[in-house]
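Q: Below is one structure. I have some questions about it.
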């Protein structure tokens, strides 16, 4: 057990930098700590202006301090994260003490309730300003503000106002100079020179910068722009540093005694730990180095007659370390040696000088002592008024002392250079291995050898895996302890005592450790703890940056290796299952394709069934609407006919709904059958008799072709078989002509199968429509009357499902449209077993069959009574329009619908609105004849009607004849919308009709049509005006092309898209076309031709 009392441990939070001041600060604190037997733990902060500084560094160090248990904490008060919120920082820092608030001491700033060591910058700023104004007669002195607020700017403003020299425009705000990644202040210097030396800049003669590197960069930038310092202006700094001393010219600057500040701060903390109460502020004195940049010459910088006393600091009456009191012993010995001239006196003098030089702790202190002694000795020599011999002895002694100074200086500087060269070589060796080694073990082995050669005795590297950046989850991966490498895996780190022991802080000699975070951007890699030698502090920071990068790269490579291994394993598994994946992918693709098809079929079905519902609904609702509105104008016969029509359409709707419900029921419940023995011949004979009775009001013949005897072993579900045959027979009755129609019921028995067939001589269907007949989703016009085409299709889909339920196959054949059709129900032998299990109880029985047949009988009777007859082309013109007539009531309507009832409803609405001229038809040939002979003004057609091609592109009609294509009004039962033509002269309305909407649309279409007719008529009549006829335009073009002499010819076609909506407002189209024509005519020559090939297409012919 170690009984040695633990030495004080003082923490120091300070920043690193590209300048050497952090190292000087640490050296001063280290010197004081070793003098009092204390240890120093320096926690390194990266400046916040570094692009990739670690943002959680303070929080990390707080946790580290809490685990180590230090006795006191020194910190830089000007560091940005501390100065931003000092109260929060101090509250957190104080809480890190072991049972009591942790003692704190601030360096470089003054914080309330915390002792501070501080340089009185305002006093030396006043001294510097006094020198510039009084010695060099500067009047317009620019002041550049620092990053954080302190007492220097108020001192500047107060002094300038006292001298009546203050001007706000001479103050440069720091916010105007903020730039990123400007470590050496070159970008800031360019901005400063832009402000001070750019066009329109204010007059000035000196500039003060708070930072040494910024002031030096301003000088360099000014020289690059052709200016000379101090001839053109003076540049001085409030912070002395390497760049100030070695600038060209050297810069006048306030010496910032970092070494003394660090030494005084550490001494103050030790006294505080021993129980002394510290003053709120301890001022550290300094001096000003006057150099060439302010205008001082050599005689001003090194005065030979300097007084023995110097100006004391106004702060605490202490001299800085670079200014010493005159050494009375050395001067007395010098005077004695001059007076006696003996060798003994000379030896005593030289020994005293050598002793004084040996007391300097380092090179910088040595040079300061030499400079001071040189000044004092030369001052004594110049004050002598003795005889010539004494002055000769004085000069000789001083020359010997100066030679001693030179030898000592060369020795110190040479040793320093050798040390720096040697350590830089070793650092290069470490850096090469760090950059090229990606193996962590090899990297740490190389690091051990290099650190030993550097003389470093203690170094620890921790790796952190904590994603929260707290640093609590760390692992020791490298340990160099007391000059010997140790296996980190066997070192316990369970508490603060283990860590103290590892750092040898639990007793014995004092130590100094530097802490550096290892990170790449904001990813924490770990941290480095190293006990330094005499190497510059900046070398350790560089080492930590490169070490962090190397560990990050090795960690990344390790992750990549593991990921590659996992990837290879995954590839192996994928390779093992690739066949399964491909098969499942194909199955999924097929399923998706099927689902897509089914979704499309579903949408088609909904659209189609909506149309089939709306068509009969139109007849029902609009007939009732007309009857109610104009009841007084109806006679009994017309009213009765309308009621019968409504009843028939209602039955059709019911039949459609029943079939849909049957199909849905079958889809949902997966019905099975109740199979019973059935005398098929007797059953078919009774069925034929029933339907002969049902069609007795017509001339339709029903023939039965049955076997001579019953078919043995035949069994079926009678109810479902009856549904099948009823559907087939109702469809056949709707398909045949009521006068010439023939329907044959047949039963054929062969060794392979029994076939029950229904054959008719009706409309038939084309071969490509065969399968579509049984598809409830696909639209087709085959089978049955157009009025019930979809009803037929739904019934056939339901019938095929029932047939398959009975283990039969339903087929359909037809030689072609108009040649009849044959539907066959095939029962293959052997027949299924009787009495199959039922999943849903069978319903009905004989009573159900009779009810269904009664329903079908009513449906057939209504079908026969309301069956549509071909109407041909019916012309009903009661008030013929004159040529070019534009009177709406005399407009000629062409009404096209396969249902005569719908035609009558449309005509009735138009008659009630005052229109009197109609063309009524349903056949395509009749439509062509109506268009050719009568030139209707408006076409009203059901969407199922197949219209001639030129009606889909109405503009083409204009090229055939100078008359516009009549507009289209399409009546649709579905929600789908199609666009007819290019000019919006087609409109679609939904069924049933809304009278007001229907009549207003008719009126708008007629107005637009009459406008186009007038335009066409005018173009024909005026072949020399703007609106040339197509015929005249074509003749001009033909004449030019047929010329024997080749002539250049230009042809321009202009498309005019007007009114993409349904119908343009009256008058706007003609007005627009006339304006286009007028403007073109103003630029055309008399030989040019202009005309309309169509309503919206201009053609310009430009000969020559």
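The values are calculated or read from the model by the stated rules, or taken from the named source; none is laboratory data. Computed from a predicted model, the values in this text were never measured in an experiment. Counting neighbours? That spans all protein chains shown, and the Cβs are built from the backbone with ideal geometry, glycine included.
Q: Only one of (1) in contact with a strand residue (DSSP E or B) (Cβ under 9 Å, 6 or more places away or on another chain); (2) surrounded by 14 or more Cβ atoms within 10 Å (Cβ to Cβ); (3) at pLDDT below 90 fails for residue 698. Which number is that?
A: Going through (1) in contact with a strand residue (DSSP E or B) (Cβ under 9 Å, 6 or more places away or on another chain); (2) surrounded by 14 or more Cβ atoms within 10 Å (Cβ to Cβ); (3) at pLDDT below 90 one by one, residue 698 breaks only (1).
Q: So, in the stretch 189-203, exactly how many residues are assigned to a loop (DSSP other than H, G, I, E, B) and in contact with a helix residue (DSSP H, G or I) (Cβ under 8 Å, 6 or more places away or on another chain)?
A: 2
Q: Which of the numbered conditions does residue 126 fail, given that it passes all the others? Conditions: (1) touching a helix residue (DSSP H, G or I) at 6+ places or on another chain (Cβ under 9 Å); (2) not in a helix (DSSP H, G or I).
A: (2)
Q: Looking only at residues in the stretch 671-685 that are modelled with pLDDT of 75 or more and either within 60 Å of the chain's Cα centre (by Cα) or over 16 Å from residue 720 (Cα atoms) (or both), which one is surrounded by the fewest Cβ atoms within 10 Å (Cβ to Cβ)?
A: Filtering the stretch 671-685 for residues that are modelled with pLDDT of 75 or more and either within 60 Å of the chain's Cα centre (by Cα) or over 16 Å from residue 720 (Cα atoms) (or both), the one surrounded by the fewest Cβ atoms within 10 Å (Cβ to Cβ) comes out as 682.
Q: Are there any pairs with C-beta distances below 8 angstrom linking a residue in the stretch 182-203 that is in contact (Cβ under 8 Å) with a residue 24 or more places away in the chain to a residue that is assigned to a helix (DSSP H, G or I) and surrounded by fewer than 16 Cβ atoms within 10 Å (Cβ to Cβ), with the two at least 6 apart or on different chains, and if so which?
A: Once the first residue is in contact (Cβ under 8 Å) with a residue 24 or more places away in the chain and sits in the stretch 182-203, its partners that are assigned to a helix (DSSP H, G or I) and surrounded by fewer than 16 Cβ atoms within 10 Å (Cβ to Cβ) give 202/169.
Q: If I filter the stretch 152-183 down to residues being in contact with a helix residue (DSSP H, G or I) (Cβ under 6 Å, 6 or more places away or on another chain) and within 20 Å of residue 221 (Cβ to Cβ), which single residue comes out as surrounded by the fewest Cβ atoms within 10 Å (Cβ to Cβ)?
A: Filtering the stretch 152-183 for residues that are in contact with a helix residue (DSSP H, G or I) (Cβ under 6 Å, 6 or more places away or on another chain) and within 20 Å of residue 221 (Cβ to Cβ), the one surrounded by the fewest Cβ atoms within 10 Å (Cβ to Cβ) comes out as 179.
Q: Which one is modelled with the highest pLDDT, of the residues in the stretch 216-244 that are within 14 Å of residue 255 (Cα to Cα) and not in a strand (DSSP E or B)? Step through it out loud before you land on a result.
A: At the first step, the residues of the stretch 216-244 found to be within 14 Å of residue 255 (Cα to Cα) are 236-244.
Checking the rest, the ones that are also not in a strand (DSSP E or B) come to 238-244.
Values: 238: 92, 239: 88, 240: 86, 241: 80, 242: 76, 243: 82, 244: 85.
Filtering the stretch 216-244 for residues that are within 14 Å of residue 255 (Cα to Cα) and not in a strand (DSSP E or B), the one modelled with the highest pLDDT comes out as 238.
Q: Residue by residue through the stretch 86-111, note down the ones that are free of Cβ contacts under 8 Å to residues at least 12 places away in the same chain and either touching a helix residue (DSSP H, G or I) at 6+ places or on another chain (Cβ under 9 Å) or more than 25 Å from residue 30 (Cα to Cα) (or both).
A: 87, 88, 91, 95, 99, 100, 101
Q: I'd like to know if the stretch 860-873 contains one or more residues that are modelled with pLDDT of 65 or more, assigned to a loop (DSSP other than H, G, I, E, B), at positive phi and surrounded by 13 or more Cβ atoms within 10 Å (Cβ to Cβ).
A: Within the stretch 860-873, one or more residues are modelled with pLDDT of 65 or more, assigned to a loop (DSSP other than H, G, I, E, B), at positive phi and surrounded by 13 or more Cβ atoms within 10 Å (Cβ to Cβ).
Q: Moving on to the next point. Identify all residues within the stretch 145-160 that are closer than 16 Å to residue 253 by Cβ and assigned to a helix (DSSP H, G or I); write none if there are none. Outline the logic, then answer.
A: Step one: of the stretch 145-160, the residues closer than 16 Å to residue 253 by Cβ are 146, 152, 156.
Passing the criteria: 152, 156.
Q: So which of 117, 142 is in contact with a helix residue (DSSP H, G or I) (Cβ under 6 Å, 6 or more places away or on another chain), in a strand (DSSP E or B) and under 22 Å from residue 276 (Cβ atoms)?
A: 117
Q: Next question. Test of understanding: among 821, 787, 812, 797, which residue is more than 26 Å from residue 922 (Cβ to Cβ) and either modelled with pLDDT of 70 or more or crowded, with 20+ Cβ neighbours inside 10 Å (or both)?
A: None of the others qualify; the one that does is 797.
Q: Only one of these is in a loop (DSSP other than H, G, I, E, B) and buried (at least 19 other Cβ atoms within 10 Å of the Cβ): 517, 480, 505, 509. Name it.
A: It is 505.
Q: Taking the criterion of being within 60 Å of the chain's Cα centre (by Cα), modelled with pLDDT under 80 and outside any helix (DSSP H, G or I), would at least one residue in the stretch 650-670 satisfy it? Walk me through it before giving the result.
A: The initial filter retains those residues of the stretch 650-670 that are within 60 Å of the chain's Cα centre (by Cα), namely 650-670.
Those left that are additionally modelled with pLDDT under 80: 651-670.
Adding the requirement that they be outside any helix (DSSP H, G or I) leaves 670.
So far as the stretch 650-670 goes, yes, one or more of its residues are within 60 Å of the chain's Cα centre (by Cα), modelled with pLDDT under 80 and outside any helix (DSSP H, G or I).
Q: From the list 22, 47, which one is surrounded by fewer than 21 Cβ atoms within 10 Å (Cβ to Cβ) and either modelled with pLDDT under 90 or touching a helix residue (DSSP H, G or I) at 6+ places or on another chain (Cβ under 7 Å) (or both)?
A: 47
Q: Determine if the stretch 175-188 includes at least one residue that is assigned to a helix (DSSP H, G or I), closer than 19 Å to residue 254 by Cβ and at pLDDT below 95.
A: Checked the stretch 175-188: no residue is assigned to a helix (DSSP H, G or I), closer than 19 Å to residue 254 by Cβ and at pLDDT below 95.
Q: Just to verify a result, which residue in the stretch 130-151, among those that are in contact with a strand residue (DSSP E or B) (Cβ under 7 Å, 6 or more places away or on another chain) and within 14 Å of residue 236 (Cβ to Cβ), is surrounded by the fewest Cβ atoms within 10 Å (Cβ to Cβ)? Working first, answer last.
A: Keep residues of the stretch 130-151 that are in contact with a strand residue (DSSP E or B) (Cβ under 7 Å, 6 or more places away or on another chain), which gives 132, 136, 138, 141-145.
Narrowing the set further to residues that are within 14 Å of residue 236 (Cβ to Cβ) leaves 132, 136, 138, 141-144.
Numbers: 132: 21, 136: 16, 138: 22, 141: 25, 142: 21, 143: 23, 144: 25.
Restricting to residues being in contact with a strand residue (DSSP E or B) (Cβ under 7 Å, 6 or more places away or on another chain) and within 14 Å of residue 236 (Cβ to Cβ), the top hit is 136.
Q: Okay, next question. For the structure I just gave you, tell me whether residue 722 is at pLDDT 85 or above, surrounded by 17 or more Cβ atoms within 10 Å (Cβ to Cβ) and under 30 Å from residue 830 (Cβ atoms).
A: yes
Q: For the stretch 56-85, enumerate the residues that are outside any helix (DSSP H, G or I), without any contact (Cβ under 8 Å) to a residue 40 or more places away in the chain and in contact with a helix residue (DSSP H, G or I) (Cβ under 8 Å, 6 or more places away or on another chain).
A: The answer is 77, and nothing else.
Q: Related question: Which numbered condition trips up residue 896, out of (1) modelled with pLDDT of 85 or more; (2) more than 30 Å from residue 700 (Cβ to Cβ); (3) surrounded by 17 or more Cβ atoms within 10 Å (Cβ to Cβ)?
A: Here residue 896 clears every test but (2).
Q: Any residue that is more than 25 Å from residue 237 (Cα to Cα), at pLDDT 90 or above and either buried (at least 19 other Cβ atoms within 10 Å of the Cβ) or under 48 Å from the mean Cα position of the chain (by Cα) (or both) - is there at least one of those in the stretch 111-124?
A: Yes, some residue in the stretch 111-124 is more than 25 Å from residue 237 (Cα to Cα), at pLDDT 90 or above and either buried (at least 19 other Cβ atoms within 10 Å of the Cβ) or under 48 Å from the mean Cα position of the chain (by Cα) (or both).
Q: List every residue pair whose Cβ atoms lie under 6 Å apart, where the two residues are 6 or more positions apart in sequence or sit on different chains, the first residue falls within the stretch 556-574 and is part of a helix (DSSP H, G or I), and the second residue, located anywhere, is surrounded by 10 or more Cβ atoms within 10 Å (Cβ to Cβ).
A: 557/438
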